[in-house]
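What follows is a single structure, written as structure tokens, with notes after it.
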Amino acid sequence: MREALDAYKALLEATGPAGLAFLNARVPHRYTAVYRLDGAVLRNVHLFDKEGVVTPDFLETVPLHDSFCQFVMRDGGFTCDDTAGDRRLDGHKYQGVMGSYHGLPLLDNHGELYGTLCHFDTERHPLPDEEYALLQKVARVLPAYLNKRPIPAA
């Protein structure tokens, strides 16, 4: 995993945010994304789609209360291999529509919530423990390469 993290950091240095193709190539999920919290909505700022399709409208802006990202923010991470069978999601608008979701929070340069980093798919897919561990490390590294609020002068 150390080699993968070092390769990811080198990619970020060379190309900037967000290196999502690299992360996505390691997992079965169709999408890997960064969402930024903007009030009561999440705005997609980076998305990699294995199928190379232009970002669908329904993934561009997602109301927080309709997102799985809300659970990431509430619990500090959320992983679900099969949303249809996950009782934590009973009654959720996208239960069974989005088949799998694995996400972690991203913090800004003030240590405040920026948004989320996630792998997801309309199909059910597990996320291997090694890939979740890498995603956790990436979630700590990636914010340095995202647009952030300037740090005020003292």
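The values are calculated or read from the model by the stated rules, or taken from the named source; none is laboratory data. Quantities reported herein were computed from a predicted structural model and do not represent experimental measurements. Backbone-built Cβ (ideal geometry, glycine too); neighbour counts: all protein chains shown. The protein model used for the area step is the full one, side chains on, heavy atoms only, and it has no ligands, DNA or RNA in it. Shrake-Rupley method; radii C 1.70, N 1.55, O 1.52, S 1.80 Å.
General remarks:
- Extreme residue, positive dipole direction of the chain, given options 52, 94, 78 (C-beta unit charges): 78
- Cα→Cβ-extended label distance, 7 Å offset, between residue 6 and residue 25, nm: 1.8
- Considering only the chain, percent of DSSP beta bridges that pair antiparallel, nearest 5: 95
- Measuring nothing but how far apart in sequence close Cα pairs (under 8 Å, 6+ apart) lie, relative to its length, the chain scores a relative contact order of 24 percent.
- A simple charge model with +1 on the Cβ of Lys and Arg, -1 on the Cβ of Asp and Glu and nothing else charged puts the dipole of the chain at about 360 debye relative to its Cα centre.
- Solvent accessible area, Å² - residue 88, 1.4 Å probe, full protein context: 130
- With every protein chain in place, the chain: carbon and sulfur % of accessible area (1.4 Å): 52
- For the stretch 1-153, the Rg and Dmax computed from alpha carbons only, in angstrom: 14.8, 50
- Sites residue 107 and residue 65, calculated FRET efficiency, Cβ-Cβ separation with R0 25 Å, nearest 0.05: 0.70
- Per residue solvent-accessible surface (Å²) - the stretch 14-130, probe of 1.4 Å: 48
- 3J(HN,Hα) along the stretch 85-92: x, 8, 4, 4, 9, 3, x, 6 Hz, from the Karplus curve 6.51 cos²θ - 1.76 cosθ + 1.60 with θ = phi - 60°, whole Hz, x for Gly and Pro.
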